[in-house]
Amino acid sequence: MDAATKASTGAADPLHTDWSTEAIVRRRDRFYAATQRAFVPYKTPLIFQRGQGQYLWDEQGAKYVDLLGMNVCVSVGHAHPKVNAAVHAQVEALQHCTTMFYHPTPAHFAEELVAKMPAGADWVVHFTNSGAEAIDLALVMAQAFSGHIDMLALRNGYHGATMGAQSLTGIASFRHNVPLLGGIHHLANPDPYRGAFGADVEAYLAEIDRTIQHSTSGRLAGLLVEPIQGYGGIIELPPGYLKAATEKVRARGGVLIADEVQSGFGRTGDNFWAFEAHDVIPEIVVMAKGIGNGFPLAAVVAQRHVAEVLADKFYFNTYGANPVACAAGRAVLQVLDEEGLQANAKVVGAALGQALQRLHQKYEIIGEVRGHGLMQAIELVRDRRTREPATAETAALFEYTRDAGIVVSKSGPHRNILRMVPPLCLSLEDISTVEAALDECFARASAAA
């Protein structure tokens, strides 16, 4: 690490890391497996050296506003001092304690997570390493509890890359060409903009009945949904859909699983969990990403009578209740409350949405702006009437965002959506910077067209 890097990070480098751009690219290309080498958003690599709050700096010292939160993982801000202090204190005492032994930190965290769940149910927690692992456990739990196999999920939903999570995912680009799990049935996505039935909620509900009648045994294990689809392009379930769909599923013996991996922990602003906007309480809730502010951690929080079905079988996740990760999780919950970040997500998210709407009025290529709190999206189309996805145009404009000093995500099944899910500490002062940067990108794209 050179002197400038030491000064910027405030730390020495005991591992003697080579921060030269060429060396970083060379080592990754040489030693990463194919699937990880392919996971690169830009034409040329973007290398981050440090972060603070809602900002990032690359290895050359250029500053960016982080509108991606490292794939929604950084919830309370990069290098948050309270999270760092909790992690440092725990790692100095004990780095890992397998769940077969007792440790107070995961137990405290489980209690504190349960306190964030809706009252009136008896909740219990199972910690895992990642959201995909948590989805797999939720699937096992639903099938074991119900005694049935058939699961419903939504087209356009994303749930992870393990065999179970991939099977439940409804986007082709995330499903490998291998035999996936049987018993998974994907429903028409209730998307007012691109859905098969437009904004007709009753038509989507009728499709659930037809799917059950024609594609299942008539008995269900459950329904898995993201209340707001993340990688699918920030698609929010319409009012009335989730409650009615849940009633249909429960009538067939199944349970509701809410995937809050991207939408949880106050991100919507109005509620701590996105499902709370739909007047329904799931039997199982899956959470990850922002739970640990970047530390590998996830959880399945389930009602006790459902979770107890697995009591006679051993289900183990090696690092699932790691005390260092759980210390980070405890600090995240404290920061969310102490700094009012759910309320901030509501206020700043509304301002970001208004800024995006102004761009919508200015640029014809923007087909729709949508979002809730600090989950916002711009969908690009070649024609607002036909809504033909502007995939190539989005790819070009996406490259411009980097030049403009903002980090966003290129998402959706057609890769024509700019997704914005920043750390919840994004400020009102940042919105003018973001709007100006996006305006510059769209103007540049228009001039190049």
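Before moving on, here are some points about what is shown:
- Residue within region 236-251 that is out of contact with any His (no Cβ under 6 Å at 6 or more places or on another chain), of a type in the set (D, E, K, R), assigned to a loop (DSSP other than H, G, I, E, B) and modelled with pLDDT of 95 or more present: no
- Residues in region 112-128 that are surrounded by fewer than 14 Cβ atoms within 10 Å (Cβ to Cβ) and either under 20 Å from Leu310 (Cα atoms) or in contact with a Lys or Arg (Cβ under 8 Å, 6 or more places away or on another chain) (or both): 1 in all.
- Residue within region 255-266 that is within 25 Å of the chain's Cα centre (by Cα), of a type in the set (Gly, Ala, Ser), buried (at least 24 other Cβ atoms within 10 Å of the Cβ) and farther than 19 Å from Tyr158 by Cα present: yes
- Candidates Ala395, Ala307, Ala343, filtered to the one that is free of Cβ contacts under 8 Å to residues at least 60 places away in the same chain and either more than 23 Å from Val72 (Cα to Cα) or surrounded by fewer than 18 Cβ atoms within 10 Å (Cβ to Cβ) (or both): Ala395
- Residue count for region 267-300, restricted to those that are of a type in the set (Val, Ile, Thr), within 25 Å of Ala144 (Cα to Cα) and open to solvent by less than 10 Å² (accessible area, probe 1.4 Å): 4
- Listed by first and then second residue, the pairs with beta-carbon distance under 6 Å, at least 6 apart or on different chains, first residue in region 110-136 and part of a strand (DSSP E or B), second at pLDDT 95 or above and open to solvent by 40 Å² or more (accessible area, probe 1.4 Å), are Trp123/Val114; Val124/Arg304.
- Criterion (open to solvent by less than 30 Å² (accessible area, probe 1.4 Å), touching a Gly at 6+ places or on another chain (Cβ under 6 Å) and either among the aromatic types (Phe, Trp, Tyr) or within 20 Å of Asp439 (Cβ to Cβ) (or both)) met by exactly one of Gly373, Gly353: Gly353
- Residue among Gln166, Gln143, Gln95 that is touching a helix residue (DSSP H, G or I) at 6+ places or on another chain (Cβ under 9 Å) and not in a loop (DSSP other than H, G, I, E, B): Gln166
- Taking every residue in region 427-439 that is over 20 Å from Leu397 (Cβ atoms) and pairing it with any residue that is part of a helix (DSSP H, G or I) and not acidic (Asp, Glu), at least 6 positions away or on another chain, the pairs with Cβ-Cβ distances below 6 Å are Leu428/Val348; Leu428/Ala351.
- Residue in region 204-220 that is open to solvent by 70 Å² or more (accessible area, probe 1.4 Å), touching a residue at least 60 places away in the same chain (Cβ under 8 Å) and either touching a Lys or Arg at 6+ places or on another chain (Cβ under 6 Å) or at positive phi (or both) present: yes
- Residue within region 154-164 that is open to solvent by 20 Å² or more (accessible area, probe 1.4 Å) and of a type in the set (Gly, Ala, Ser) present: yes
The values are calculated or read from the model by the stated rules, or taken from the named source; none is laboratory data. A quick note: this is a predicted structure, and the numbers were derived from the prediction, not measured. All Cβ positions, even for glycine, are placed from backbone atoms using ideal geometry, and neighbour counts span all protein chains on display. Heavy atoms of the whole protein, side chains included, go into the accessibility calculation; ligands, DNA and RNA do not. Shrake-Rupley method; radii C 1.70, N 1.55, O 1.52, S 1.80 Å.
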